[in-house]
Protein chains: 2
Amino acid sequence: MELTDPMDQLVAPASIDDFRSRLAGVIDQLPRRLRQCADHIAANEDRIAVSTVADLAVGADVPPSALIRFCQILGFSGFSEMQRLFRGAYVPGWPDYATRLADLKLGGAGSPTALLAEFIEAGRLSLESLATSVDDAVLGRAVAELAAADTIHIVGLRRAFPVASYLAYVFENMSVSAMLHDGIGKLDHRFALRPGDAVIAITFAPYSEETLALAHDAADRGLPVVALTDRQASPLAKFSSAVLTVPEVDFGAFRALSATIVLAMTLAVAVGAARE
Amino acid sequence: MELTDPMDQLVAPASIDDFRSRLAGVIDQLPRRLRQCADHIAANEDRIAVSTVADLAVGADVPPSALIRFCQILGFSGFSEMQRLFRGAYVPGWPDYATRLADLKLGGAGSPTALLAEFIEAGRLSLESLATSVDDAVLGRAVAELAAADTIHIVGLRRAFPVASYLAYVFENMSVSAMLHDGIGKLDHRFALRPGDAVIAITFAPYSEETLALAHDAADRGLPVVALTDRQASPLAKFSSAVLTVPEVDFGAFRALSATIVLAMTLAVAVGAARE
DNA sequence: AGCAAAATAGAATAAATATTCCAAATTGGC
DNA sequence: GCCAATTTGGAATATTTATTCTATTTTGCT
């Protein structure tokens, strides 16, 4: 085979699909060693992002240099470039997103329209990421627990308050007995939480003391606590029976709540439906 | 914090769960920089396997050495060992958003995950149409008017209340003087609205009387009123100086606020930026 | 079988990446 | 407001990892 075919050299595959079709195009005119590379790579596409040349070479049972020649035949400059494609394709857009937003300095932000475009993009990505990250089993458990409860207590302050109030609104519309704790009358937790009730606690870093306290209190009394939070290691996780995490992109101190609101709405509507 | 606690040094976390609980155990006794590492790592667990120290350090906004110290506190010998753990457990999530969404829908009509898929889709559509439907000129005018105001009055009840409270939160964080009218003390409009102030009114069909009344009142006194509503023919349009419409896609009887929240955030951040 | 063209292995080198270390800055206790 | 202890940043270094190069082997052709 002609290794220096100028056609192949010109440009590297720009997407995984591109990569696949290019691989399919050459695979059966490759000599033995390179064929081994192709086979092993094709069979282990999902490990390219996290492997070294040496790892893959051992797997394919070829010397490292063969693997690199193989990458070059596909149009990459070397293994690193191919790996970059696979690393970047995984949850596309996320890697440099936080950085991009961070670069958008508040003072230097362009027109409101440009800002809007950024936030729309952030919201879109958050929703996509929500789709792939939600744990069906946990969501199901959360719905079941809330559906079985007498009264649902909702607590979420500061940044989480809009979500909490939205939940309260939807529950009310569905005639589900719910109580929104807004932290104004701070003493009422202990009297309001009754056996048979359940709690939805919403908080993001920096976690609000009052929210944690109420959730803690409820857990101590054996009530189910559903957590809507930003990560598994959240302090809420310690005393929650179901932890739902929402991957949301921050902008400075601000957080677009698109994904959180959508998840909250799902929870509320599913609970309402389950009660009928 | 004692960095050389012998307990932590002894053995590296053996699993991701182990890692998470160890992280949760130390996270709130870490000093500033290390705390940043912890936050960023926790929020980007899924990228550890495919990132370099430098990448993550940039994301966390710390020097690389801080990140490595952080890994060591968790019990690893360094970053590489931590990465090894995540590479082993790595299962690529791939850009299979579409597939995943389809799977969710298949969860069976009525199941929480099927619902979630529908809401995510509705949210995405709303955001996309927001991008194309916003009138730059109107948005610019709204920002200018609000930026010039002394105090910004925010009114939005029922379904719109989460958006209003979100605006109030963001303004507060940006030290913009704002007042959230929650309809509890209904008499105060007339005394609160002062010359030089401006109003953001948010309402969707069926339009809330109180919101319209406050907006009307403000317009009568010559204050600028920015409307966030669902269509140009909204009753708010009559007495608003800038009408921003949000094309929110309904799913059944329910409306997600994804696009509305994003537009509100843009407004708030742009106003905050313009004030500096 | 003999020759030219292509392919290969592995050692040598280059590049990238991780880690250490210590002077400087910060924090907390008094 | 000072001192001791802790934390931090970044330059220097060590290590790992990728890539190139070339002598050697294999292949395909006559």
- line: Residue by residue through segment B:151-161, the couplings from Karplus 6.51 cos²θ - 1.76 cosθ + 1.60 with θ = phi - 60°, in Hz, x for Gly and Pro, are 10, 9, 9, 10, 9, x, 10, 6, 4, 8, 4
message: Based on the alpha-carbon set only, what is the convex hull volume of segment A:6-89 divided per residue, in Å³?
response: 81
statement: So, relative contact order of segment B:131-276 in percent, Cα under 8 Å, 6 or more apart, is 28
- prompt: What relative contact order, as a whole-number percentage, does chain B give when Cα pairs under 8 Å and 6 or more residues apart are counted?
  reply: 16
- request: Over the whole of A:261-273, what's the average partner chain Cβ count within 10 Å per residue? Rounded to a whole number, please.
  value: 6
query: What are the nm distances, shortest first, from A:Ala117 to its equivalents in the other copies, labels at 7 Å along Cα→Cβ?
result: 3.3
- line: segment B:58-75 scanned against label point 7 Å out from B:Gln29 along Cα→C-beta; backbone N under 20 Å for B:69-75
- prompt: Using the Karplus equation 6.51 cos²θ - 1.76 cosθ + 1.60 (θ = phi - 60°), what ³J(HN,Hα) coupling, rounded to whole Hz, does each residue of segment B:63-74 give in order, writing x for Gly and Pro?
  reply: x, x, 5, 5, 5, 5, 4, 4, 4, 5, 4, 6
query: Which value in deg cm²/dmol, rounded to the nearest 500, describes the helix-derived mean residue ellipticity at 222 nm for chain B, given -39,500 (n - 2.57) per DSSP H run of n ≥ 4 and division by the residue count?
result: -16500 deg cm²/dmol
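Mind giving me the FRET efficiency for B:Asn173 and A:Arg20? R0 is 45 Å, r the Cβ-Cβ distance, nearest 0.05 is fine.
That pair, B:Asn173 with A:Arg20, gives E of 0.45.
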statement: Helix B:97-106 sits off the longest principal axis of the Cα atoms of chain B, rounded to the nearest 10 on a 0 to 90 degree scale, by 80
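Calculate the mean, over all residues of peptide B:163-175, of how many other protein chain Cβ atoms lie within 10 angstrom of the residue's Cβ.
4
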query: Can you list the residues of segment B:49-81 that have at least 30 square angstrom less accessible area with all protein chains present than in their chain by itself, probe 1.4 Å?
result: B:Val50
field: Histogram of C-alpha separations across segment A:114-274, 10 Å bin width, %
entry: 11, 43, 35, 9, 1, 0
query: Using the Kirkwood formula over every pair of different C-alpha atoms, what hydrodynamic radius in Å results for segment B:42-88?
result: 10.5
message: Averaged across B:139-145, how many Cβ atoms of other chains sit within 10 Å of each residue's Cβ atom?
response: 2
task: Mind listing the long-range amide H neighbours of B:Ala178? Cut-off is under 5 Å, sequence gap 5 or more, other chains count too, H placed in the peptide plane at 1.01 Å from N.
output: B:Ile152
- request: Find the sum over both chains of the accessible area lost when B and A are paired, probe 1.4 Å, and report it in Å² to the nearest 100.
  value: 5900
field: Relative compactness, segment A:193-276, computed as alpha-carbon Rg over 2.2 N^0.38 Å
entry: 1.12
statement: Counting only protein heavy atoms and rolling a 1.4 Å probe, one gets per residue an accessible area for segment B:17-59 in Å² of 42
- line: Rounded to the nearest whole number, the per residue volume of the convex hull around the C-alpha atoms of chain B in Å³ is 184
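The values are calculated or read from the model by the stated rules, or taken from the named source; none is laboratory data. As the structure is a prediction and not an experimental result, all values here were calculated from the model. Reconstructed Cβ throughout: ideal geometry from the backbone, glycine too, with neighbour counts over all protein chains shown. Side chains included, ligands, DNA and RNA excluded: accessible areas come from the protein's heavy atoms. Shrake-Rupley method; radii C 1.70, N 1.55, O 1.52, S 1.80 Å.
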